[in-house]
Protein chains: 2
Amino acid sequence: MNMSRAEERSRERLVVVGGDAAGMSAASQARRMRGPDELEIVAFERGHFTSYSACGIPYWVGGDVPERDRLIARSPEEHRARDIDLRMRTEVVEIDVGGSRVRARDLDSGAESWTAYDKLVLATGARPIRPDLPGMDAPGVHGVQTLDDGQALLDTLAATEGRRAVVVGAGYIGVEMAEALINRGYEVTVVNRGKEPMSTLDPDMGRLVHKAMEGLGITMVDDAEVTALRVGADGRVRAVVTEEAEYPADVVVLGIGVRPETALARAAGLPLGDHGGLLTDLSMRVRGHENIWAGGDCVEVLDLVSGLHRHIPLGTHANKHGQIIGAGVGGGYATFPGVVGTAVSKVCDLEIARTGLREKDADRAGLQYVTVTIESTSRAGYYPGAALMTVKMLAERRTGRLLGVQIVGREGAGKRVDIAAVALTAGMTVEQMTALDLGYAPPFSPVWDPILVAARKATTAVRRGTA
Amino acid sequence: MNMSRAEERSRERLVVVGGDAAGMSAASQARRMRGPDELEIVAFERGHFTSYSACGIPYWVGGDVPERDRLIARSPEEHRARDIDLRMRTEVVEIDVGGSRVRARDLDSGAESWTAYDKLVLATGARPIRPDLPGMDAPGVHGVQTLDDGQALLDTLAATEGRRAVVVGAGYIGVEMAEALINRGYEVTVVNRGKEPMSTLDPDMGRLVHKAMEGLGITMVDDAEVTALRVGADGRVRAVVTEEAEYPADVVVLGIGVRPETALARAAGLPLGDHGGLLTDLSMRVRGHENIWAGGDCVEVLDLVSGLHRHIPLGTHANKHGQIIGAGVGGGYATFPGVVGTAVSKVCDLEIARTGLREKDADRAGLQYVTVTIESTSRAGYYPGAALMTVKMLAERRTGRLLGVQIVGREGAGKRVDIAAVALTAGMTVEQMTALDLGYAPPFSPVWDPILVAARKATTAVRRGTA
């Protein structure tokens, strides 16, 4: 079949599974490189939307973004106008790797059919973790993974009189949803399994987030295992129940995190990593499969600092993957070398950022390290709006190589993490960082940028450690 | 004499010439490393203040910083409390290198005396360029180099009814003083010799600054050579006169730039570079002189991108130099590898930043390059406050090595230059930069950070250039 197809058709067919960032970036980039006479592109998306910013959902729910469609970078019609045969509300339910074809189901009619491919891109994304607890499916309980989820939550908020919201989970989605609900005038409680919020930070830095969120009027409940959602006589959610207490809730938002959506890939025998994500080579080709690429939230990526693979669902990586896959499919050459694990978020005016390794990541990677923590300001101390920030820095013992940076502070703190992200990528030592020529003027930075202050202190700690 | 002194005194004597950032940082760091029983420190400062932020003067004049003393990091008394023998209002008028001594004059009494040194630090700073034109010394004409200058300007502003201010020069000091005077409610005209303001940018980027400053209500006069300052019957300045026109002025601020203050060093036969600054080795020791260090605005620094020496008067470098000198004097080891030429500034909400080489710098260094310019936003396009920015990027022809970045935009634009500064330091190519793992969330960045957008376009330009 495979050979006859190549003869039958004068052009190749690319099949894309998943119509969000990675999939449609790949399709668009491939289309830019090869016209419709050379390459047919068929894309399947099981939802109602393409190419949208899931990261923007909290800001839409919170009211900063006035309408849903602002989050859509490119609509199905726009993709079709570029000669992409986009099949919406159509779910791929099987990949036949040996036969180079996928089976797809029209979710409205239920009809199924096979589509052959010469090249296949898997961009199936991630699915939210939903613990199997009583009441989890009750009205008033919402995830915020898709635009449909966001709309359902907004509908609930509009229809509900009570003003008590409980957010389950205190990672990025949890803290951003806490902000959204505060902005909507809710009394917000965040119930969190970890010892501190933001487990992507070390606990000492998470503690600062805890305190700052309390300062914003948010009730923070850490170290709490949710055992059930209590439901009222009308079937709607009434409270979040933990082993220790019960938190009344008119609405519950789940921000527990996501896992790679790789059931299809697993069934097809494609290689998965420890975190359940697809494993690819540096050109984002699925390992061992010449004609299959994968990118976005369904893959694992190489952590350049630890040398281990991680699952990091983030739009910015998905877009990069899509570009690289599109180049490869189009006959070009590009690679995704890996990540250093940069992330930034905010809760009202509190900014939270991290890159590289936490202490436990370094332990796991077999790295020994020193840590320092400093306080500084976003601008010269005498300049209006100078905001406090705390910077924690990890450096490898003996070599002094930068391993990670975490920042918690007010306006102007977060994006400073980029300085450390580039230094990590370049393999700089903290001593090399002390000489970095960073932009200085009183409205932008103290004369020693906080990153330089941390690097100096870390340099001293490394020296002492090696003495 | 030299040998007898070493025998006479049980401790070494460090003499520091200049009591601002570089000098007093060096003195403080040396003191941290060696106590008063080991090292005597004598510091001479001809002015009234020590360790102050000259960069903060525009914000004090503009009213953002309420009082002068907020700009002073450490007073003479604080230095003396750390066993530094600080002699204020005392100017060093001669260095006797052969005799290892300096001659200093008490500016109040006129008395002079010699002080011997074992180690000498020169931190004489820079002096403002004041063209020798008629009217230049008239009341109402002000430089803004020192705290005394700032106070004199504020006194003039308080005593002057007219609201027309002319700023001569459109570099960092010029544009920052334009903002200060706008904030004070003045009608501001900026008269500038160059074709565009901000000659530290390429002219195409300077043009954006020109337009934006006009948008702020500032009258911009480019390509204008000042020939005189017209003075009224009362002796006060009345107008700035150029070859083409005359600009009425109730107050004139000079922001023409500075030159290294190295008359003393020149007279002493110390090595100076093409820009008139002292030349040092990487540990900031004056070349060929084992016991003399120099740092801050009086030295030239190595530009790591071009391989040429430059004069970059900037507080952040001066502080670094001071640290390194102090470590060296104290018997430790530290080096200043050089700069990449990062600078950031603002005029009201307009942010201006640059790092690395302009086109003409690259030409001068013998480098061939491609340039790209992109427009993007500081945040996700749909997020409130997303502000436009223009990023220009230079990359070396064939190799694709990053050579420079210039940014003109609104809030959130300026400090992004740090990403490029670190990439320049690490010698990254623009293609390597496309894979940088920068912090992304809608309130902080578009999904492709503007720096990544520029890097992608530059990568394409490099490829086309080498095809």
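With respect to A:VAL347, is the statement that it is within 14 Å of another protein chain (Cβ to nearest Cβ), β-branched (Val, Ile, Thr) and under 30 Å from A:GLY162 (Cα atoms) true? Against the criterion (within 14 Å of another protein chain (Cβ to nearest Cβ), β-branched (Val, Ile, Thr) and under 30 Å from A:GLY162 (Cα atoms)), A:VAL347 qualifies. With the condition kept exactly as written, say whether any residue in the range B:440-451 is within 9 Å of chain A (Cβ to nearest Cβ) and of a type in the set (Gly, Ala, Ser). Checked against the condition, which is being within 9 Å of chain A (Cβ to nearest Cβ) and of a type in the set (Gly, Ala, Ser), the range B:440-451 yields at least one hit. The set of residues from the range A:134-154 being more than 25 Å from the chain's Cα centre (by Cα) and surrounded by fewer than 18 Cβ atoms within 10 Å (Cβ to Cβ) comprises A:PRO134, A:ALA138, A:PRO139. Apart from one condition, B:ARG32 fits all of (1) within 26 Å of the chain's Cα centre (by Cα); (2) part of a helix (DSSP H, G or I); (3) within 14 Å of chain A (Cβ to nearest Cβ); the exception is (1). Beta carbons closer than 6 Å, at least 6 apart along the sequence or on distinct chains, pair a first residue in the range B:194-220 that is among the hydrophobic types (A, V, I, L, M, F, W, C) with a second that is in a loop (DSSP other than H, G, I, E, B) and surrounded by fewer than 19 Cβ atoms within 10 Å (Cβ to Cβ) for B:LEU216/B:CYS348. May I ask you to verify whether A:GLU67 is within 30 Å of A:SER345 (Cβ to Cβ) and surrounded by fewer than 21 Cβ atoms within 10 Å (Cβ to Cβ)? It is true that A:GLU67 is within 30 Å of A:SER345 (Cβ to Cβ) and surrounded by fewer than 21 Cβ atoms within 10 Å (Cβ to Cβ). For the range B:299-306, indicate whether the set of residues that are on the phi > 0 side of the Ramachandran plot and not assigned by TED's automatic domain parsing to the domain that holds B:ALA158 is non-empty. No.
State whether one or more residues within the range B:359-369 are over 19 Å from the mean Cα position of the chain (by Cα), within 13 Å of chain A (Cβ to nearest Cβ) and either within 28 Å of B:ALA22 (Cβ to Cβ) or not small (Gly, Ala, Ser) (or both). No, the conditions are met nowhere in the range B:359-369. Restricting the range B:250-264 to residues that are at negative phi and either modelled with pLDDT under 95 or β-branched (Val, Ile, Thr) (or both), the residue that is nearest to the chain's Cα centre (by Cα) is B:VAL258. Scanning the range B:35-63 for residues that are of a type in the set (A, V, I, L, M), more than 16 Å from B:ARG127 (Cα to Cα) and not in a strand (DSSP E or B) yields one hit, B:VAL61. Of the residues screened, B:ILE352 is one that is within 15 Å of the chain's Cα centre (by Cα) and more than 9 Å from chain A (Cβ to nearest Cβ). Taking the range A:35-64, which residues are within 9 Å of another protein chain (Cβ to nearest Cβ) and either touching a Ser or Thr at 6+ places or on another chain (Cβ under 6 Å) or surrounded by fewer than 22 Cβ atoms within 10 Å (Cβ to Cβ) (or both)? Within the range A:35-64, just A:ASP64 meets the criteria.
Of the listed requirements (1) away from chain A (no Cβ under 14 Å); (2) out of contact with any helix residue (DSSP H, G or I) (no Cβ under 7 Å at 6 or more places or on another chain); (3) closer than 24 Å to A:SER25 by Cβ, B:ARG379 misses just one: (1).
Of everything in the range B:390-423 that is acidic (Asp, Glu) and not in a loop (DSSP other than H, G, I, E, B), the residue that is surrounded by the fewest Cβ atoms within 10 Å (Cβ to Cβ) is B:GLU396.
The residue of the range A:75-92 that is nearest to the other protein chains (Cβ to nearest Cβ), among those that are surrounded by fewer than 17 Cβ atoms within 10 Å (Cβ to Cβ) and of a type outside the set (S, T, N, Q), is A:GLU78. Would you mind telling me which numbered condition in (1) assigned by TED's automatic domain parsing to the domain that holds A:GLY169; (2) surrounded by 15 or more Cβ atoms within 10 Å (Cβ to Cβ) A:LEU270 fails? For A:LEU270, the failing item is (1).
Pairs under 6 Å by beta carbon, first residue outside the structural domain of A:VAL42 (by TED's automatic domain parsing) and more than 18 Å from A:HIS289 (Cβ to Cβ) in the range A:96-113, partner at pLDDT 95 or above and of a type in the set (D, E, K, R), six or more apart or different chains? Note: no pairs meet the criteria.
Got at least one residue in the range A:389-403 being over 23 Å from the mean Cα position of the chain (by Cα), at the interface with chain B (Cβ under 10 Å from one of its Cβ atoms) and not aliphatic (A, V, I, L, M)? No, the range A:389-403 contains no residue that is over 23 Å from the mean Cα position of the chain (by Cα), at the interface with chain B (Cβ under 10 Å from one of its Cβ atoms) and not aliphatic (A, V, I, L, M). In the condition set (1) assigned to a loop (DSSP other than H, G, I, E, B); (2) within 14 Å of another protein chain (Cβ to nearest Cβ); (3) of a type outside the set (Val, Ile, Thr); (4) surrounded by fewer than 22 Cβ atoms within 10 Å (Cβ to Cβ), B:GLY341 is compliant with all but (4).
Every condition in (1) of a type in the set (S, T, N, Q); (2) in contact with a strand residue (DSSP E or B) (Cβ under 9 Å, 6 or more places away or on another chain); (3) within 14 Å of another protein chain (Cβ to nearest Cβ) is met by B:SER25 except one, and the failing one is (2). Just to be sure before I move on: is A:VAL301 modelled with pLDDT of 95 or more, of a type in the set (Val, Ile, Thr) and in contact with a His (Cβ under 7 Å, 6 or more places away or on another chain) in the structure I sent? It is true that A:VAL301 is modelled with pLDDT of 95 or more, of a type in the set (Val, Ile, Thr) and in contact with a His (Cβ under 7 Å, 6 or more places away or on another chain).
Could you grab me the full set of residues in the range A:273-286 that are without any contact (Cβ under 8 Å) to a residue 60 or more places away in the chain and in contact with a strand residue (DSSP E or B) (Cβ under 6 Å, 6 or more places away or on another chain)? Across the range A:273-286, the qualifying residues are A:GLY273, A:GLY276, A:GLY277, A:THR280, A:MET284, A:ARG285. Apart from one condition, A:MET136 fits all of (1) in a strand (DSSP E or B); (2) out of contact with any helix residue (DSSP H, G or I) (no Cβ under 7 Å at 6 or more places or on another chain); the exception is (1). Scanning the range A:265-294 for residues that are under 14 Å from A:ALA126 (Cβ atoms) and part of a strand (DSSP E or B), we see that the one that is farthest from the chain's Cα centre (by Cα) is A:LEU272. Within the set B:ALA426, B:ALA435, the sole residue that is within 11 Å of chain A (Cβ to nearest Cβ), within 29 Å of A:LEU71 (Cα to Cα) and surrounded by fewer than 24 Cβ atoms within 10 Å (Cβ to Cβ) turns out to be B:ALA435. For the range A:328-338, filtered to residues that are within 11 Å of another protein chain (Cβ to nearest Cβ) and not aromatic (Phe, Trp, Tyr), the residue that is farthest from A:SER53 (Cα to Cα) is A:GLY332.
Examine the range A:149-163 for a residue that is in contact with a Phe, Trp or Tyr (Cβ under 7 Å, 6 or more places away or on another chain) and outside any helix (DSSP H, G or I), and state whether such a residue exists.
Yes, some residue in the range A:149-163 is in contact with a Phe, Trp or Tyr (Cβ under 7 Å, 6 or more places away or on another chain) and outside any helix (DSSP H, G or I).
For the range A:292-321, which positions are touching a residue at least 60 places away in the same chain (Cβ under 8 Å), facing another protein chain (nearest Cβ under 10 Å) and either closer than 24 Å to A:VAL15 by Cβ or among the basic types (Lys, Arg) (or both)? Matches in the range A:292-321: A:GLY315, A:ALA318, A:ASN319.
The values are calculated or read from the model by the stated rules, or taken from the named source; none is laboratory data. This structure is a prediction, so every number in the text was calculated from the model and none was measured. In this analysis, Cβ positions are derived from the backbone assuming ideal geometry, glycine residues included, and neighbour counts consider all displayed protein chains.
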